[in-house]
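For reference, the structure is listed below as structure tokens.
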Amino acid sequence: MTDHEYRDASAPDPGTPLAGRPHSEERILHTEKIQIERKVFVFSLRENSRGRFLRITEDVGGRRDAIIVPAPGLREFGEALEAIALRAREESPAPAAV
């Protein structure tokens, strides 16, 4: 998928409450895409008239969900994510019961 496909897909659906909200012109500064199992995550650093932000889009079989993190919060967001990743590596899942 190209950045353009995600840009178009990020607009609100006509049936959502945000549909009437004016769409601000966004510029994509950097994009990274990773696939984990059946999920595709796209991390896009973007900029609009209100500032820079990270949009994280999850695509599972064509269904997309996204969260937005304002650029001033990226350091704290990254630190929290790293703490969780460290904890996940420490704990191994319990063996399946037979």
Problem set entry | Contacts under 7 angstrom Cβ, first residue in the range 66-89 being closer than 24 Å to Val40 by Cβ and aromatic (Phe, Trp, Tyr), partner surrounded by 10 or more Cβ atoms within 10 Å (Cβ to Cβ) and at pLDDT 95 or above, 6 or more apart | Phe77/Val69
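Of a type in the set (A, V, I, L, M, F, W, C) and in contact with a Ser or Thr (Cβ under 7 Å, 6 or more places away or on another chain): which single residue out of Ala66, Ala71, Ala88 fits that description?
Working: Ala71 fails: in contact with a Ser or Thr (Cβ under 7 Å, 6 or more places away or on another chain); Ala88 fails: in contact with a Ser or Thr (Cβ under 7 Å, 6 or more places away or on another chain).
One residue alone meets the criteria, Ala66.
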For this session: Output the number of residues of the range 40-70 satisfying the condition of being under 23 Å from Glu25 (Cβ atoms) and outside any strand (DSSP E or B).
Result: 2
Seminar exercise, completed: Among residues of the range 1-50 being acidic (Asp, Glu) and closer than 27 Å to Leu81 by Cβ, the residue modelled with the lowest pLDDT is Glu5
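The values are calculated or read from the model by the stated rules, or taken from the named source; none is laboratory data. This is a predicted model, so every value here is computed, not measured. Note that each Cβ is placed from the backbone with ideal geometry, even for glycine, and that neighbours are counted across all protein chains shown.
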